[in-house]
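The values are calculated or read from the model by the stated rules, or taken from the named source; none is laboratory data. Note that the coordinates shown come from a computational prediction; the quantities given were computed from them, not determined experimentally. All Cβ positions, glycine included, derive from the backbone under ideal geometry; neighbour counts span all protein chains shown.
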Amino acid sequence: MAGRQINQVVIAARGTSDNAGRYAQYLFGAMNGLLVALATPSLFTYYGRPPRLQHALVLGISQSGMSPDVVAVLAEARRQGALTAVLTNAPDSALAAQADFIVDLCAGEERAVAATKTYTAELAGIALMSAVLAGDPEMLGDLDKAPEAVSRALATDEAAHAAAERLRPARYAAVLGRGFNYATAFELALKLQELSYTSCHPYSSADFRHGPLAMVERGFPVIAVAASGPLLEDLRQIQATLREHGAEILCISDDPSAPDPAAHRLDVPRHVPEWLSPLPLIVPGQLLALHLAELRGYDVDAPRSIQKITETY
């Protein structure tokens with residue numbers, strides 16, 4: 001971005017990639033001092049009233065690079081003279097054609113409709129962009145530890161299967177996260193929705209107190225993503241409140257301290273700092289969605305009503 005006056009980042013994405021964009025909101029803000037907004041593509045397509053983007057880096061995030069509304073955001077940004085970049089697994093796509101800079105995920109073909117590999121690769125790409133923008137060797141060193149952290153998170157498979165057994169009767173649930181793992185809550189809820197057909201809603205643990213808490217009754221399932229860091233205590237406090245209401249709590253965490261005997265846990269060894277924790281902490285959630293779908297007899301390779309590539313306008 002040398003030589004360009006950039007004071008904000010606007011991210012255009014849909015679905016799983018949009019959840020990766022939520023991670024970028026926190027990461028680019030915390031590590032790079034940038035104001036980050038998620039684009040509203042219908043302003044570009046249906047309304048024809050795009051905002052002014054001249055001083056923004058407009059970042060498109062997409063596995064396939066084929067959704068017309070995301071392409072429209074980047075095309076308009078380029079027309080306005082804004083700096084454009086694309087994070088994609090398809091560097092020859094229509095979206096990539098609108099980019100001044102292309103970050104190729106190099107993740108290989110995404111075969112899962114749920115795009116689990118895509119999400120992890122997008123988080124890693126965003127983390128790499130942030131580290132390079134910050135010019136911070138320590139961040140790059142921490143990023144080198146991420147593959148091992150994700151590998152170790154796969155060891156939660158048996159515990160995730162047991163948790164899925166407990167959730168099997170549930171047809172609704174809430175997922176709580178905050179900070180860097182606000183994105184994790186959204187992505188985990190999406191996986192449970194599209195694979196196990198659970199009516200699952202993501203919330204910031206702060207927002208959950210502002211109304212949704214009222215729907216919690218005995219046996220209500222709540223999944224809390226509680227990473228080590230400044231917000232860990234906040235997640236502990238909301239879990240205590242949920243216990244008082246009789247909620248069925250499942251905690252996904254990389255912090256083994258003060259385990260809650262009333263909560264079921266999916267513990268992930270801590271190998272990376274909080275800003276990278278969304279990479280390993282989504283893995284138990286992906287496994288949970290997989291096992292819950294299989295226990296209910298659903299085909300995870302062919303979820304009903306959806307397909308591998310979704311084009312929206």
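Per-structure values
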item	result
Looking only at segment 33-50, and only at residues there that are touching a residue at least 24 places away in the same chain (Cβ under 8 Å) and part of a loop (DSSP other than H, G, I, E, B), the one that is farthest from residue 131 (Cα to Cα)	46
Count of segment 91-112 residues which are outside any loop (DSSP other than H, G, I, E, B) and either more than 13 Å from residue 63 (Cβ to Cβ) or charged (D, E, K, R) (or both)	5
Which listed residue is under 30 Å from residue 199 (Cβ atoms), at pLDDT 95 or above and buried (at least 16 other Cβ atoms within 10 Å of the Cβ), from 126, 102	126
Whichever residue in segment 1-32 is assigned to a loop (DSSP other than H, G, I, E, B) and of a type outside the set (Lys, Arg) and, among such residues, is farthest from residue 132 (Cα to Cα)	13
Extreme residue, surrounded by the most Cβ atoms within 10 Å (Cβ to Cβ), among residues of segment 199-221 that are part of a loop (DSSP other than H, G, I, E, B) and among the hydrophobic types (A, V, I, L, M, F, W, C)	216
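Condition check ((1) on the phi > 0 side of the Ramachandran plot; (2) among the aromatic types (Phe, Trp, Tyr); (3) at pLDDT below 95) across all residues:
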site	(1), (2), (3)
3	yes, no, yes
7	no, no, yes
18	no, no, no
21	no, no, no
26	no, yes, no
36	no, no, no
64	no, no, yes
70	no, no, no
90	no, no, yes
